[in-house]
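The values are calculated or read from the model by the stated rules, or taken from the named source; none is laboratory data. Given the structure is predicted, the values throughout are model-derived calculations rather than measurements. So basically every Cβ, Gly included, is an ideal-geometry build from the backbone, and we count neighbours across all protein chains shown. Remember, those area values only see protein heavy atoms, side chains included, never the ligands or the DNA or RNA. Shrake-Rupley method; radii C 1.70, N 1.55, O 1.52, S 1.80 Å.
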Amino acid sequence: MKTILLPHYMRVVGWILFLPSLLVGVLLLLEVISLNGIAGVVVNDTAIIGIAIGSLFICCSRERQEDEMMQAVRLQALMVSLYVYVGLLIVCTLIINNLTYLYFMIANLCLFPVVFLLVFKIMIARYRKEFDDEKQD
């Protein structure tokens, strides 16, 4: 089965888009910077789109050595991330109300890719440790 992954260098492009966009988004959310009118809309939309595209590039880029096992780990990490994300969304929907929920939903924009990256990196580290242990035996 052929997977559609971006080239490895797109991960760097993703981080270059994601980090500044996230910083601008947090500054807008905390009202450290306040823009009105068209400028506010453009900066807000740019931050949201930068976070979305950056996280997509980070999550969907190939590893340096992409093999069948890496694809299986990626799929498993994706499923675990989805379960964590939906569970957290349901719990927060039931617990949080009013304007605080709006803030959670804004932060929720980048929650899924962050959870995926954490789970994927943990699973890759375990996989590599097991592989190194088997290699030494």
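Among the residues of the stretch 42-61, those identified as touching a Pro at 6+ places or on another chain (Cβ under 9 Å) and among the polar types (S, T, N, Q) are Ser55, Ser61. When the test is whether a residue is in a helix (DSSP H, G or I), touching a residue at least 60 places away in the same chain (Cβ under 8 Å), more than 22 Å from Gly25 (Cβ to Cβ) and open to solvent by less than 90 Å² (accessible area, probe 1.4 Å), Ile124 passes it. The set of residues in the stretch 13-29 that are open to solvent by 90 Å² or more (accessible area, probe 1.4 Å) and either within 14 Å of the chain's Cα centre (by Cα) or not aliphatic (A, V, I, L, M) (or both) comprises Trp15, Ile16, Leu19.
Against the list (1) open to solvent by 60 Å² or more (accessible area, probe 1.4 Å); (2) at pLDDT below 85, the condition Val32 fails is (2). Of the set (1) over 21 Å from Ile4 (Cα atoms); (2) over 18 Å from the mean Cα position of the chain (by Cα); (3) open to solvent by 40 Å² or more (accessible area, probe 1.4 Å), all apply to Glu68 but (1). Of everything in the stretch 19-39 that is in contact with a Leu (Cβ under 9 Å, 6 or more places away or on another chain) and in contact (Cβ under 8 Å) with a residue 12 or more places away in the chain, the residue that is farthest from Met105 (Cα to Cα) is Leu28.
Yes/no matrix, rows are residues, columns are (1) open to solvent by 50 Å² or more (accessible area, probe 1.4 Å); (2) free of Cβ contacts under 8 Å to residues at least 24 places away in the same chain:
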{"residue": "Val73", "(1), (2)": "no, no"}
{"residue": "Leu78", "(1), (2)": "yes, no"}
{"residue": "Ser81", "(1), (2)": "no, no"}
{"residue": "Gly87", "(1), (2)": "no, yes"}
{"residue": "Ile90", "(1), (2)": "yes, yes"}
{"residue": "Thr93", "(1), (2)": "yes, yes"}
{"residue": "Tyr103", "(1), (2)": "yes, no"}
{"residue": "Phe112", "(1), (2)": "yes, no"}
{"residue": "Val119", "(1), (2)": "no, no"}
